[in-house]
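The values are calculated or read from the model by the stated rules, or taken from the named source; none is laboratory data. Nothing here was measured: the structure is a model prediction, and the numbers come from that model. Every residue, glycine as well, gets a Cβ built from its backbone with ideal geometry; the counts of neighbours run over all protein chains shown. Side chains included, ligands, DNA and RNA excluded: accessible areas come from the protein's heavy atoms. Shrake-Rupley method; radii C 1.70, N 1.55, O 1.52, S 1.80 Å.
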Amino acid sequence: MGQAVYLQTYGCQMNEYDSELIRSILTNRGYHFASTTEEADVVLLNTCAIRENAHRKIYGQLDLFLPIKKQRAKARQPFIVGILGCMAQNLKDELLEHRAVDLVVGPDSYRALPDLIGNIAKTNQPEVAAFLSEYETYSDIAPVRQEGVNAWIAIMRGCDNFCTFCVVPYTRGRERSRSMESILHEVRQLVVMGYPQVTLLGQNVNSYRCGDDDFADLMTAVAQVPGVQRIRFTSPHPKDFPIKLLHVMAEYPNICKHIHLPLQAGSNRILDLMRRTYTAEEYLRLVDTIRDILPMTTLTTDIIIGFPTETEDDFQETVRLVQQVAFDSAYIFKYSERKGTIAAREYPDDVTAEIKTDRIVRLIEIQRQISFHKHQSYIGRKVHVLVEGKSDKQDGHWIGKDDGNITTIFPSPLQTLGETVSIEVQQANSSTLYGVTTDHSVSVAPRGCIPVAGVVTPL
Ligand code: 5AD
Ligand code: SF4
């Protein structure tokens, strides 16, 4: 048997998906997977670089590996530590300065992983592979998925937008799309395997292109695959959100009515410094169009507070926009300067930590109240919930998401994972709906069983 690998994933859904590709690449070359670091010969951390605390977390983890490395060396047993993903691409050789690190592999170099690990095992010399490709989409690799009701599918990789705060264009390289045929092939296989939900992933899904086909064409084709119960996507950029997509969403009931539309800031001056290439007014117009065509859609967003030079007035413009749009929920982040970005070069990080904390606390509270009121309006209504598992918050209860991606908890002894049930909402808070099942199920459990680390045939 080959070496045992422990793989830990940090960060976004794209990293979750990449870890499934890494599992496939390593399994095909004879490696197997351990469930703890103690049982592993190789530990791989698939990392994130989006904010400074993501970096700190990894360095904290690496420090914990130092005594294990020492013990293993004494016992003449292997313990190879690899940093993969965005932090690997961002810091490259610099990571080797940490004594725990043997291997650094960026997001476009995963095919080389088996050989790189093999080399280190033979030579005990560190390896770094961090070149960015204009073509790599891993479209011929069938991900080894984790247990669950949702399957991620990366439809494009990279980002060409270069928002000034963002490290992604440097860690994930230029935009490139997978062929529509390979995506549809994967979706058909996922249906056969029993996955009730697929989520199409891309740093910027609006940029998807395959010949003359764009993202709305891809969504249409995916929605038409027989047996696909639920389709989600993330994330579109507001600057070029395709109105055609809204009509496709309206036409196909299996496309979930939820749009995650990152706003980032409500002040035009800050949006300009961020190079978002839209104004607050344009964003609001887009929201109006979305709600005209899809009145029931939920809208969520990402916001950064404390971008360089942000004044209280700028912040108040963000507050006003948040109130005007009334998002269903929002991820709110403190600005974190990232090495190599345009903002790091051009704008000193001049909003103090205290001001950032004060603003984020205020904005989170404002959004919490908006979410609370929105969720109250669900009381007495029926929502369709895809059952994801047992709730760990409430004994004997199940948890799932409604069409608009709102977490819903309900009691029922009879539910099946992957089933879609009709729930009458009885209570709600800012994050969760609570209800009871109505008489009839919306759908029976999906065909087959819920896959456990399903392996599909190569595409
Ligand atoms: N600082 C804080 N938040 C950031 N994001 C991206 N880069 C930074 C940064 N340097 C946030 C954006 C993005 C989300 C994924 O992370 O809001 O939409
Ligand atoms: Fe980063 Fe902007 Fe690209 Fe999103 S669109 S990944 S925020 S550069």
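Considering only protein heavy atoms and a probe of 1.4 Å, how much of the accessible area of the chain is carbon and sulfur, as a whole percent? Mind showing how you got there, number by number?
Numbers: 10200 of 19860 Å².
On the chain, the fraction of accessible area on carbon and sulfur atoms equals 51 percent.
Estimate the FRET efficiency between Arg174 and Gln125 by the formula 1/(1 + (r/R0)^6), using the beta-carbon distance for r and 41 Å for R0, to the nearest 0.05. Each step should come with its number before you reach the end.
Details: r = 31 Å, r/R0 = 0.75.
Calculated value: 0.85.
For region 261-355, applying the loop criterion from DSSP together with a ceiling of 13 other beta carbons within 10 Å to the GluC sites (Glu not before Pro) yields no site.
What stretch of the chain, leaving out the sites themselves, is the longest with no trypsin sites (Lys or Arg not before Pro) in a DSSP loop having at most 11 other Cβ atoms within 10 Å? The partial results should precede the final answer.
Values: sites that count: Arg76, Lys393.
By the stated rule (loop sites, at most 11 other Cβ atoms within 10 Å), 77-392.
Just need the Rg to Rh number for the chain, please, alpha carbons only, Kirkwood Rh. Let's see the in-between values first.
Details: Rg = 22.7 Å, Rh = 23.6 Å.
With Rh from the inverse mean 1/r over Cα pairs, Rg/Rh is 0.97.
The label-point distance for Glu251 and Lys57, in a model that sets each label 7 Å from Cα toward Cβ, rounds to 4.0 nm.
The 1.4 Å probe gives accessible areas that order Thr289, Thr300, largest first, as Thr289, Thr300.
Rounded, prolate or oblate for region 150-376? Axes are the square roots of the Cα gyration tensor eigenvalues, ordered a ≥ b ≥ c, and the cut-off for rounded is a/c under 1.5.
Prolate is the answer for region 150-376, as a/c is 1.5 or above and a/b outweighs b/c.
Which order do the peptides 134-140, 219-225 take when ranked by the mean count of other beta-carbon atoms within 10 Å per residue, highest first?
219-225, 134-140
Classified by the C-alpha gyration tensor, region 4-129 has a rounded form. Its axis ratio a/c, with a ≥ b ≥ c, is below 1.5. Helix-only arithmetic for the chain: the sum of -39500 (n - 2.57) across DSSP H runs with n ≥ 4, divided by the residue total, places the mean residue ellipticity at 222 nm at -10500 deg cm²/dmol.
Averaged over its residues, region 61-190 has an accessible area of 41 Å² per residue, based on protein heavy atoms and a 1.4 Å probe.
For each pair in Lys374/Lys401; Lys57/Lys239; Lys57/Lys374; Lys334/Lys390; Lys356/Lys401; Lys57/Lys356, compute the distance between the two Cα atoms and list the pairs where it is over 25 Å.
Values: Lys374/Lys401 16 Å; Lys57/Lys239 33 Å; Lys57/Lys374 34 Å; Lys334/Lys390 33 Å; Lys356/Lys401 32 Å; Lys57/Lys356 21 Å.
Check vs 25 Å cut-off fails for Lys57/Lys239; Lys57/Lys374; Lys334/Lys390; Lys356/Lys401.
For region 348-354, the Karplus equation 6.51 cos²θ - 1.76 cosθ + 1.60, evaluated at θ = phi - 60°, returns couplings of x, 6, 9, 8, 5, 4, 5 Hz by residue, with Gly and Pro reported as x.
Given a 1.4 Å probe, how much area per residue of region 260-375 is accessible, in Å²? Kindly include the intermediate steps, with their values, before the conclusion.
Numbers: 5250 Å² over 116 residues.
Using a 1.4 Å probe on heavy atoms only, each residue of region 260-375 averages 45 Å².
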